[in-house]
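Okay, so here's the structure we're looking at.
Values in this text are rule-based calculations from the coordinates and carry no lab data. For clarity, every value in this text was computed on a predicted model and none was experimentally measured. So basically every Cβ, Gly included, is an ideal-geometry build from the backbone, and we count neighbours across all protein chains shown.
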């Protein structure tokens, strides 16, 4: 269904419930799903979070300068990006990590035209280090990169199977939204992604889908057009 997608993976997802670090088995399963999407003819770019190592707004950063803490969080996304790149390349695919913070020894600098060229040449691209600026989350980075590469849709893979009126892990009466608009997310103050990312997507009319990555094969199903999770419409 989609020709080009941007997949947002959280750092916590790569930890696979362990809370910290990277689950080697799980990251190879994710790499296999990404390879299946690629084999189906879809161009795929990925933004990874870093919450499994460090987040600028986390409790352990409470006494730190926010800018310093956010820079640490950006560097943690680079660790995840390199790990995912290794897992993808072990499947025989070409993969490039592009970092918003220049570190030539481990990643290419992010240049939009070069990223577009990689995708056109059927390479998988992983965007690391967020936007390169403090105070912006990786959700915002994913929204920005999705629009820059002209993705058809932003896919946000999470630990829950869609958007709910409240946290379904804490509130069993929470109701799921099969379809919702960006304006309603802002009005209801739903925490599916930060408000900067929501506003950016709304203003540029880019749809997104929030779905669970716990079920094997879900990434392929979403790309093929199956109705999973929650669709967010402009």
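Here are the numbers for this structure:
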quantity: Radius of gyration and Dmax over the Cα atoms of segment 113-212, both given in Å; calculated: 14.8, 47
quantity: Gaussian network model of the chain, springs between alpha carbon atoms under 10 Å - residue of 193, 103, 147 with greatest fluctuation; calculated: 103
quantity: Point-to-point label distance, residue 203-residue 94, nm (Cα→Cβ direction, 7 Å offset); calculated: 3.5
quantity: Per-pair calculated FRET efficiency, R0 = 35 Å: residue 112 and residue 36 via Cβ, rounded to 0.05; calculated: 0.85
quantity: For the chain, built as a Gaussian network whose Cα springs stay under 10 Å, the top-fluctuating residue of 175, 131, 140; calculated: 175
quantity: Ordering of 165-171, 218-224 by packing [mean C-beta count within 10 Å, highest first]; calculated: 218-224, 165-171
quantity: GNM top mover of 155, 91, 14 - the chain, alpha-carbon springs below 10 Å; calculated: 91
quantity: Scattering profile of the chain at q = 0.10, 0.11, 0.18 Å⁻¹ [log10 I(q)/I(0), Debye over alpha-carbon scatterers]; calculated: -0.42, -0.51, -1.51
quantity: All Cα pairs of segment 60-180, percent lying beyond 18 Å; calculated: 62
quantity: Largest-first principal axis extents of the Cα set of segment 68-127 (Å); calculated: 36, 26, 17
quantity: Burial order of peptide ranges 197-203, 24-30 (average beta-carbon count within 10 Å, highest first); calculated: 197-203, 24-30
quantity: Length-normalised contact order for segment 1-152 - Cα pairs under 8 Å, 6+ apart - percent; calculated: 27
quantity: Spacing of the two label points (7 Å from each Cα toward its C-beta) at residue 191 and residue 18, in nm; calculated: 2.6
quantity: Kirkwood Rh and Cα Rg combined as Rg over Rh, evaluated for segment 162-234; calculated: 0.97
quantity: Residue 122-residue 173 pseudo-label distance in nm [points 7 Å out on the Cα-to-Cβ vector]; calculated: 5.4
